[in-house]
Every structure is written in structure tokens, then in C-alpha cells.
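First up is the structure itself, then whatever we jot down about it.
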Amino acid sequence: MSFWPKSVKARRRLTIFLIAAPVFIAAVALSLYALKGTVVYFYTPAQWIEAKVPVGKTVRLGGLVKPGSVVKTPDGVTRFTVQDKLKEISVVYKGELPDLFREGQGVVCEGEVTGVTALKAVQVLAKHDEKYIPKNVQKELEKQGEWRPGAGMDKPKPVQRPFQ
Amino acid sequence: MINFLANPERFTRVTRPLRPWLAGVTALLFVWGLYLCFASPEDYQQGDTVRIMYVHVPAAWMGLTVYAAMGIASFFGLIFRHALADVAAKAMAPIGAVFTGLALLTGALWGMPMWGTPWQWDGRMTSELILFLFYIGYIALHASIEDEVRAAKSTAILALVGLVNLPIVHFSVQWWNSLHQGDSIFVKGGPTVAPDMLWPLFVMVAAYHALFAWLFLVRLDSEILARKYRALRARLSFN
């Protein structure tokens with residue numbers, strides 16, 4: 001094999017590399033696998049219910065704003081429901097909302113758990129999906145009734161480990 | 001071909017005349033690409049802000065590509081003591097670091113109006129920051145070891161270790177819930193970017209590659225000269 005080096009020293013270095021690299025990769029892969037259930041940026045409503053998030057805990061909740069659920073009161077408080085395909089969580093938030101916030105949009109809300117399915121958010125972030133579509137094309141699709149909005153939440157993620 | 005170019009003297013002789021051409025191609029591609037960015041349509045939900053994508057996405061890709069190239073060069077330097085390998089890896093590091101820094105910066109600028117935040121510790125952003133730190137660590141380690149052979153060895157190992165982060169950056173949006181959206185280009189069923197917006201993106205990707213090739217050759221040449229100068233000076237000081 002021409003790839004196998006001629007010098008003895010280079011052969012030794014290559015051998016060490018060929019042994020060390022898979023061990024290192026396996027170690028990193030195992031740590032990532034172990035982290036999979038614990039490193040969670042946000043819970044979807046179904047994962048929230050599954051994990052039995054305790055009241056008082058600060059968490060992030062990600063999902064779609066349920067159409068028709070947004071209620072704004074004059075004191076700057078917004079109430080809305082975050083849903084995924086299975087469950088719903090109600091959110092109360094006081095403050096500025098990002099431009100992309102609207103019904104049907106993907107959002108990530110961070111705040112304190114105030115009930116089994118209730119969150120008092122201190123921050124609301126908007127997600128956008130991986131689709132890039134020109135405005136006029138979208139309007140045309142809408143006219144033809146072919147428009148199916150997605151909000152970047154359609155990929156199911158494994159259910160997270162519950163709190164201990 | 002590789003063996004032919006392995007000689008630093010020959011390498012500079014062959015690549016020096018290429019450099020003005022590469023610089024010209026880079027400039028043309030950037031003019032064309034930036035024109036297309038502004039001529040391309042607004043996005044249905046992001047409006048004009050979508051134009052940041054044309055600067056952000058190629059920068060992020062280059063950060064990964066350059067690191068992969070640095071890893072390969074480090075492998076050949078460490079195992080085979082290839083004459084140009086360490087010079088090449090060292091020359092690439094700051095360019096890759098700038099691309100990654102640009103991706104982080106434009107990402108923050110994009111995140112502010114769209115997400116409502118410049119930064120979140122989600123999987124994609126955290127792993128991209130780690131990529132940036134690997135570049136910075138590589139540069140710092142190389143600068144801190146005076147003996148060139150030892151510096152090459154240590155930094156090559158660091159570069160190889162960092163390779164493991166590349167798939168993490170790429171797959172982070174699939175493995176974990178993240179604020180960052182998923183892949184748009186390399187997905188089943190083809191890109192989710194409309195053709196009118198895909199074109200400008202690809203021209204910008206080509207422009208970034210040309211820019212990298214040009215800067216890389218310039219840095220490689222100056223690094224070879226710097227080493228020659230240091231070797232000469234060392235020899236003179238002994239006499």
C-alpha cells in the first residue's frame with residue numbers, strides 16, 4: 001500500500017494516530033449520547049408534559065403560537081397558547097414581542113413555571129423556519145390556495161428525560 | 001502533483017503568477033454576488049433582513065471548510081512530516097477564524113431583528129463559538145512555542161482534536177431543539193430556498209472560496225519567506 005509510510009518513525013506515528021483517533025471519537029460520541037437527554041435548549045409542550053416540569057423552575061418552552069389564542073391587554077400583558085401536535089401550554093408575558101411574533105409562528109419562551117401547563121415568560125423569541133420564499137411567490141401561492149405555512153417546528157425531537 | 005508542489009520553492013514559483021488572477025476573480029465574484037443580494041426578492045416572513053443570509057451562510061460554511069482543510073494539513077504534517085503541511089495549516093488558521101467570527105457576528109445581527117436576541121446558548125451557536133475558540137487556540141498555541149518543529153507538532157494535535165467539533169456544528173440543529181433553524185440546502189427533497197434566492201447565495205459562496213484561495217496563497221508565501229528569513233538569521237548569528 002502506497003499510503004503506508006516507508007520510514008519506521010512515520011509508521012509508528014500513523015499507528016498511534018490510527019489507534020488514538022477512534023478511541024477519541026468514541027469517547028466524544030458517548031459523551032454526546034449521554035448529554036442528549038440532559039442538554040435541552042427548550043421543551044416542546046409534549047416534552048414538557050412528559051418531563052413533568054416542576055412549578056417554580058425556570059425553563060424554555062418552544063412551539064407554535066396557537067391561532068386565535070393571542071390576547072393583548074392595555075397594560076402590555078400578552079396571553080397566548082403555545083402548542084405542538086399533541087399538547088398545549090398557556091403563556092403570560094409582559095413586554096415587547098419580536099417582529100416575527102404572530103399566530104401560527106414558532107416561538108421560544110423563557111420563564112418561570114407557574115402551573116402544570118402554565119408559564120410566566122420573561123423573554124419571548126421568534127423562530128423562523130428554514131424556508132426562504134420571495135414575498136410575491138408566497139402571495140401568488142396564497143391566492144391559489146396552495147400556501148401551507150410551516151414554522152420550523154415540524155421535525156420531532158426525542159422526548160427528554162424527566163426531572164429527577 | 002502534490003509531490004511536485006511539496007517543494008516550497010517550486011510552490012511559490014508556480015502559485016505567485018496565479019495570485020493577481022485570483023484577486024481579480026474574487027473582486028468580480030463579490031461585485032456580482034453583492035449586486036444579486038440586493039436585486040434578489042424580499043423574503044415572505046423576514047423581508048429585507050433575509051439579505052444577511054448571503055453574507056452569513058457562506059461565512060459559516062467557510063469556517064467549517066477551512067477547519068477541515070487545516071485538519072487534513074495537520075494530519076499530513078504530524079504523520080508524514082510533509083514540508084508544507086504545517087506552513088499551510090498555520091496560514092489557514094487566521095482566515096478561518098475571521099470567517100467564523102464573521103458568521104457569529106452576522107448571526108447576532110440577524111438574530112436581533114428576527115429572533116429578538118443576538119445570542120442564545122443553543123446547540124448551533126455554542127458549537128460555532130467552540131469552533132471559533134479552536135481557531136483562536138490554534139493561533140495562540142502556534143505563537144507561544146518558539147521552536148517550529150515542536151509548535152507544528154502541538155498545534156497539529158490540537159487541530160486534529162478540533163475536527164470532532166465539525167459534525168457537531170453541522171448536526172446540532174438536528175440533534176437538539178434549537179432556536180437556529182434547520183438546514184436549508186443539504187436536505188432531503190432539495191433546498192428549501194427559492195431559486196431566486198439560491199442563485200445569489202451560490203455566487204457569494206463562490207466569491208468566498210475565491211477570496212480564501214487568494215488570501216491563502218498570499219499568507220502561505222509570506223510564511224515561507226518568514227521561515228526562510230528566520231533560518232538565515234539563525235545561521236548568521238552562529239558565525
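Give A:34, A:27 a once-over and let me know the one that is of a type outside the set (Val, Ile, Thr), without any contact (Cβ under 8 Å) to a residue 60 or more places away in the chain, surrounded by fewer than 15 Cβ atoms within 10 Å (Cβ to Cβ) and closer than 30 Å to residue B:153 by Cα.
Just one listed residue meets the conditions, A:27.
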Positions within region A:83-113 being within 21 Å of residue B:122 (Cα to Cα), open to solvent by less than 10 Å² (accessible area, probe 1.4 Å) and in contact with a Phe, Trp or Tyr (Cβ under 9 Å, 6 or more places away or on another chain), in sequence order:
A:100, A:107, A:108, A:109, A:111, A:113
Given the structure, is residue A:53 out of contact with any helix residue (DSSP H, G or I) (no Cβ under 6 Å at 6 or more places or on another chain) and open to solvent by less than 60 Å² (accessible area, probe 1.4 Å)?
yes
Boolean, residue B:76 is touching a His at 6+ places or on another chain (Cβ under 8 Å), within 14 Å of another protein chain (Cβ to nearest Cβ) and open to solvent by 20 Å² or more (accessible area, probe 1.4 Å)
yes
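Listed here are the residues, each with its yes/no results for (1) β-branched (Val, Ile, Thr); (2) within 29 Å of residue A:107 (Cα to Cα); (3) open to solvent by 50 Å² or more (accessible area, probe 1.4 Å).
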| position | (1), (2), (3) |
| --- | --- |
| B:161 | yes, no, yes |
| B:190 | no, yes, no |
| B:197 | no, yes, no |
| B:234 | no, no, no |
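I'm trying to understand the selection: among the residues of region A:79-96, which are touching a strand residue (DSSP E or B) at 6+ places or on another chain (Cβ under 6 Å) and not aromatic (Phe, Trp, Tyr)?
A:79, A:81, A:82, A:83, A:84, A:88, A:89, A:90, A:91, A:92, A:94, listed by residue number.
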Go through region B:126-141 and count every residue that is within 14 Å of chain A (Cβ to nearest Cβ) and open to solvent by less than 10 Å² (accessible area, probe 1.4 Å).
1
Could you list, in sequence order, the residues of region B:116-127 that are of a type outside the set (Phe, Trp, Tyr) and not in a helix (DSSP H, G or I)?
B:116, B:117, B:118, B:120, B:122
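The rows are residues; the columns are (1) crowded, with 18+ Cβ neighbours inside 10 Å; (2) away from chain A (no Cβ under 11 Å).
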residue	(1), (2)
B:80	no, no
B:86	yes, yes
B:102	yes, yes
B:111	yes, no
B:122	yes, no
B:143	no, yes
B:148	no, yes
B:164	no, no
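Are any of the residues in region A:142-154 in a loop (DSSP other than H, G, I, E, B), more than 8 Å from chain B (Cβ to nearest Cβ), at pLDDT 90 or above and open to solvent by less than 70 Å² (accessible area, probe 1.4 Å)?
No: zero hits.
Can you list the helices (runs of 4 or more DSSP H) found entirely within region B:135-239 that contain at least 2 residues being free of Cβ contacts under 8 Å to residues at least 12 places away in the same chain and more than 24 Å from the chain's Cα centre (by Cα)?
Output list reads B:148-162, B:195-238.
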Looking for something of a type in the set (Lys, Arg), away from every other protein chain (no Cβ under 14 Å) and either open to solvent by less than 90 Å² (accessible area, probe 1.4 Å) or closer than 27 Å to residue A:132 by Cβ (or both) - is there at least one such residue anywhere in region B:41-51?
no
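The values are calculated or read from the model by the stated rules, or taken from the named source; none is laboratory data. Being a predicted model, the structure only gives us computed values, none of them experimental. When we count neighbours, we look across all protein chains shown, and the Cβ atoms used for this are built from the backbone with ideal geometry, even at glycine. These area figures cover heavy atoms from the full protein model, side chains too; ligands, DNA and RNA do not enter into them. Shrake-Rupley method; radii C 1.70, N 1.55, O 1.52, S 1.80 Å.
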